[in-house]
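Quick one: structure below, then a few questions.
The values are calculated or read from the model by the stated rules, or taken from the named source; none is laboratory data. Note that the coordinates shown come from a computational prediction; the quantities given were computed from them, not determined experimentally. Neighbour counts are summed over all protein chains in view; Cβ atoms, including those assigned to glycine, are modelled from backbone coordinates with ideal geometry. Please note that ligands, DNA and RNA were not included when accessible areas were found on the heavy atoms of the full protein model with its side chains. Shrake-Rupley method; radii C 1.70, N 1.55, O 1.52, S 1.80 Å.
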Amino acid sequence: MQLSLAGFWQLSPLTDLSIPQDDLCFPAPLSQVLPETMTEQQIAEQEWHLMHDIDVDESMLAFAAVDLVLEGIDFYAEIRLNGVALFDCDGSQSIYKKDIRPLMQLGRNRFEILFLEQEEEWLLDEEDAIELCPLGHHQVKKYDQRIGIWQQPYLQFIRHVRLEHVTTEQIWHHGGGCEFLVNLHYKTYSPGLV
């Protein structure tokens, strides 16, 4: 089961408080509801706060896992649920996903997206950085030059099993022939089903 979070999000400026607040539906650029006098460059130089509330009932809490799925965020953003930081959209991947079920509560739940200026990673020394192996690294898809969210955010409700990833291996035999091995990596929430 999926629940779209594409409804109205309240957009508020964090830098220049003279900019009026408005409501925005995704997918869309922030400029869609901002004054026409603002250029895309001016919008990108500001910090923005988006918030969206949903009502969570007992049927939603009955699921073993609930993933928040965000895609199409090309600018740095911090994602929060009920004031708790979930993850940062930092351009390292195209789709961001996290199990938020432990943080959900009965009644009103508030999602927040904060488009902020990315702080430098002063704790990491670039000289000591280890180069990672790019195996399995996917090209990050850029959606638009404007600041916005380009895919509908949604909640994915998982009742029994979460498929984490799939690996494949081709095995060649000396006498001829080949096998194709497929490994499914998953997490079981309801024992006895898999």
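Under 14 Å from Gln152 (Cβ atoms), at pLDDT below 95 and part of a loop (DSSP other than H, G, I, E, B): is that true of Phe63 in this structure?
no
Follow-up. Kindly evaluate Leu24 against the criterion of being in contact (Cβ under 8 Å) with a residue 12 or more places away in the chain, closer than 18 Å to Pro153 by Cα and in contact with a helix residue (DSSP H, G or I) (Cβ under 8 Å, 6 or more places away or on another chain).
Yes, satisfied.
Give me a count of the residues in the stretch 152-180 that are touching a strand residue (DSSP E or B) at 6+ places or on another chain (Cβ under 7 Å), over 30 Å from Leu86 (Cα atoms) and open to solvent by 70 Å² or more (accessible area, probe 1.4 Å).
Total satisfying the criteria: 6.
Among the residues of the stretch 87-111, what is the count of those that are open to solvent by less than 60 Å² (accessible area, probe 1.4 Å), of a type outside the set (S, T, N, Q) and farther than 21 Å from Asp57 by Cβ?
Here the count works out to 4.
Can you report the number of residues in the stretch 1-45 which are open to solvent by 40 Å² or more (accessible area, probe 1.4 Å) and not small (Gly, Ala, Ser)?
Residues in the stretch 1-45 being open to solvent by 40 Å² or more (accessible area, probe 1.4 Å) and not small (Gly, Ala, Ser): 24 in total.
Next question, about the same structure. Of the conditions (1) closer than 24 Å to Leu103 by Cα; (2) part of a loop (DSSP other than H, G, I, E, B), Met38 clears all except one; give me its number.
(1)
Let me ask something else about it. Taking interchain pairs and intrachain pairs at least six residues apart, which have beta carbon atoms under 6 angstrom, with the first residue in the stretch 41-58 and over 14 Å from Phe8 (Cβ atoms) and the second open to solvent by less than 60 Å² (accessible area, probe 1.4 Å) and small (Gly, Ala, Ser)?
The qualifying pairs are Ile43/Ser31; His49/Ser12.
Within the stretch 10-26, identify whether any single residue is at pLDDT below 90 and within 18 Å of Gln145 (Cα to Cα), and answer yes or no.
Yes: the stretch 10-26 contains one or more residues that are at pLDDT below 90 and within 18 Å of Gln145 (Cα to Cα).
Are any of the residues in the stretch 8-26 closer than 19 Å to Tyr143 by Cα and touching a Lys or Arg at 6+ places or on another chain (Cβ under 8 Å)?
No, there is no match, as no residue in the stretch 8-26 is closer than 19 Å to Tyr143 by Cα and touching a Lys or Arg at 6+ places or on another chain (Cβ under 8 Å).
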